[in-house]
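Input: a single structure, listed below in structure tokens.
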Amino acid sequence: MMLMKKRAAANTRDRKPAKSAGKLFRAVRSRHEMAPKKVLVTGAAGFVGHHLVEQILKTTDWHVTTLDRLDTSGNLNRLVGINVWDIEKHRVRFVYHDLRAEINDSVARHLGGPFDYIIHLAAGSHVDRSIEDPLLFFMDNGIGTVHLLNYARRGGLRLKKNADPQARTPVFEGKFQYFSTDEVFGPAPEGVAFKEWDRNNPNNPYAAAKAAGEMAAISFAATYRMPIFITNCMNIFGERQHPEKFIPLLIKKVLAGDTVHIHANRNKTQAGKRSYIHARNISAASIWLLQNGRLLDGSAMQGKYNIVGEREVDNLTLAKLVAQYVNEYLAAKGKKTRPLKHEMVAFHASRPGHDMRYALDGSYLASEGFNVPVAFDESLRKVVRWTMDHPEWL
Ligand SMILES: NC(=O)c1ccc[n+]([C@@H]2O[C@H](COP(=O)([O-])OP(=O)(O)OC[C@H]3O[C@@H](n4cnc5c(N)ncnc54)[C@H](O)[C@@H]3O)[C@@H](O)[C@H]2O)c1
């Protein structure tokens, strides 16, 4: 009788609708399957990091430990603002650490590894700041990456069952993703799109320091047989981006009626160009690659993936689009619209270290089976509207 009651209770529980992604995954996982994966995301209080955490919470049952030092661009309110936070926050932990310092035993205990996946996004990310203080960027993006790789190889990344942790090259089960940028390849002439293993030609300290992190990752994969892959992404946009980045800055300037400076070639006839991709799509690609991607193997043939923007746009077209969406929003609220005021500026003189065009070839990732969804205009319109509704992010 007691047993029947228990079974009935269990059946009732099974029939209850799952309220969250975590609960849904737990409901479908057989009781013999493994525990949910443990993931470490560095830089999760930053713009891209918090979108990645959001996607993980929405599409997996993984448990996430976040690591951040909360500098000028880090803000935990990004995480608190994600729309499944209240029901999924039990799957997220935060550990404060600045990766310029090694992850010592005490910090490692706070992190609570080993992890199935380590996703490394923490970095100085603003080109102008890197031009002001290049050493800081090499500390964050170069040394910081080596500290994390060292942590991963010394117990931070999960080993295969029964692997000897004292072995010179222990056998790993987990994976490490180094999140890099298109800027490591330097400027792309019109008609050129760089492939994953093309030469690096970083033209500013930010790009050079990111390339340094890539080199460290490649060397650790070869030397310590660590399961690592690298992603090179193009310009990313989305909700809660730092106000000094181009799209939030455009919204702010249009609203204030200020003149927008459009970086252009020497004779100011052609604006600089970039490809843009929504942070949600980058996050989806990242999660897919963690499960399906190939790893670095020392051959310079695999383990590196370009994640290509949904659309290439020049800075003037982008400014016009943003101004259009800002004005649509203002008009819908019955408010006075503001025309875009802009001025073309020769970027060689005004912004040394900034390149006219970046471009990546995304055919490899597509051939492996992941296609980036394309909805640039609609995504941009939504981001502009969202930002106008949340002016605290401007
Ligand atoms: N935003 C883009 O368009 C773009 C494009 C390509 C690649 N990326 C890469 O994506 C990653 C995230 O970029 P983002 O735009 O979210 O940057 P962001 O500046 O918004 O976030 C970076 C986060 O890392 C943290 N951080 C920086 N240095 C740290 C350190 N030494 N120790 C601990 N935490 C530290 C900061 O506090 C911040 O929360 C970076 O690695 C960047 O190079 C970004």
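Read the figures in this text as sums done on the coordinates, not as results from a lab. Small disclaimer: the values here were computed from a predicted structure and weren't measured. All Cβ positions, even for glycine, are placed from backbone atoms using ideal geometry, and neighbour counts span all protein chains on display.
Some points to look at:
- Pick from the range 168-185, criterion away from the ligand (no atom under 14 Å from the Cβ) and either in a loop (DSSP other than H, G, I, E, B) or of a type in the set (D, E, K, R) (or both), ranking: surrounded by the fewest Cβ atoms within 10 Å (Cβ to Cβ): 168
- Residues that are within 15 Å of residue 121 (Cα to Cα) and either aromatic (Phe, Trp, Tyr) or more than 16 Å from the ligand (Cβ to nearest atom) (or both) within the range 40-90 comprise just one, 47.
- Flag for residue 112 being away from the ligand (no atom under 16 Å from the Cβ) and either exposed (fewer than 14 other Cβ atoms within 10 Å of the Cβ) or small (Gly, Ala, Ser) (or both): yes
- The strands (runs of 3 or more DSSP E) falling completely within the range 240-320 that include 2 or more residues that are out of contact with any Lys or Arg (no Cβ under 8 Å at 6 or more places or on another chain) map to 259-264, 273-278, 304-307.
- Of residues in the range 154-167 being touching a strand residue (DSSP E or B) at 6+ places or on another chain (Cβ under 8 Å) and closer than 21 Å to residue 290 by Cα, the one surrounded by the most Cβ atoms within 10 Å (Cβ to Cβ): 157
- Here 300, 221 are screened, and the one residue that is aliphatic (A, V, I, L, M) and farther than 23 Å from residue 193 by Cβ is 221.
- Just so you know, in the range 223-247 the residues that are within 11 Å of the ligand (Cβ to nearest atom) and polar (S, T, N, Q) include one that is nearest to residue 285 (Cα to Cα), and it is 231.
- Single residue of 198, 140 found to be acidic (Asp, Glu) and either touching a residue at least 24 places away in the same chain (Cβ under 8 Å) or in a helix (DSSP H, G or I) (or both): 140
- Take the conditions (1) of a type outside the set (Asp, Glu); (2) surrounded by fewer than 16 Cβ atoms within 10 Å (Cβ to Cβ); (3) more than 10 Å from the ligand (Cβ to nearest atom); (4) within 30 Å of residue 355 (Cβ to Cβ); residue 142 misses just one of them, which is (2).
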